[in-house]
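The values are calculated or read from the model by the stated rules, or taken from the named source; none is laboratory data. Because the structure is a prediction, the values reported are computed rather than measured. In this analysis, Cβ positions are derived from the backbone assuming ideal geometry, glycine residues included, and neighbour counts consider all displayed protein chains.
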């Protein structure tokens, strides 16, 4: 057990308690947006339907060309959700853009995208470097993610949503 000054590097998914997670897979968040929480970072992105299915089908970062096409498609959805006054959809699209950046960076930093070494008590993987092409994909997603974050309408709605609903 680490002391208070040590960081526990064990991946959070090993001790994940679904009952305490704010996002539930049995909720249709388009029909029940009041159940949606913004949360931190990408939380809920792989659970909240129907947005997971709507946006996730466009999410790719294998090459910079694919990342460019993907990030633009998701950014287009982001603006479409804003126009429809669908904050949950816009926030989920923003999360997919952020996740495009973080996952592409993981593949840049770790061979095969594996951050934790399963054979070594889930310590952080130090075997080799990842794919330098993914750094270009990450930069593409980063730019689109920042464009979404800086949108004034989105920023105001996000602030209000967090204040009212979390």
When segment 96-152 is examined, which residues are found to be in a helix (DSSP H, G or I) and at pLDDT below 60? 112, 113, 118, 119, 120
If residue 156 passes every condition in (1) at pLDDT 95 or above; (2) surrounded by fewer than 16 Cβ atoms within 10 Å (Cβ to Cβ); (3) under 14 Å from residue 63 (Cα atoms) but one, which one does it miss? (3)
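Looking for something closer than 21 Å to residue 147 by Cα and either surrounded by 12 or more Cβ atoms within 10 Å (Cβ to Cβ) or modelled with pLDDT under 95 (or both) - is there at least one such residue anywhere in segment 22-37?
First, the residues of segment 22-37 that are closer than 21 Å to residue 147 by Cα: none.
No, segment 22-37 contains no residue that is closer than 21 Å to residue 147 by Cα and either surrounded by 12 or more Cβ atoms within 10 Å (Cβ to Cβ) or modelled with pLDDT under 95 (or both).
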Suppose we filter segment 78-95 for residues that are in a loop (DSSP other than H, G, I, E, B) and within 10 Å of the chain's Cα centre (by Cα); how many remain? 0
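Listed here are the residues, each with its yes/no results for (1) touching a strand residue (DSSP E or B) at 6+ places or on another chain (Cβ under 7 Å); (2) over 17 Å from residue 88 (Cα atoms); (3) in contact (Cβ under 8 Å) with a residue 60 or more places away in the chain.
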residue	(1), (2), (3)
28	yes, no, no
33	no, no, no
40	no, no, no
46	no, no, no
49	yes, no, no
57	no, yes, no
Looking at segment 59-77, which of its residues are touching a residue at least 24 places away in the same chain (Cβ under 8 Å) and either crowded, with 16+ Cβ neighbours inside 10 Å or in a loop (DSSP other than H, G, I, E, B) (or both)? 59, 61, 62, 63, 64, 67, 68, 70, 71, 74, 75
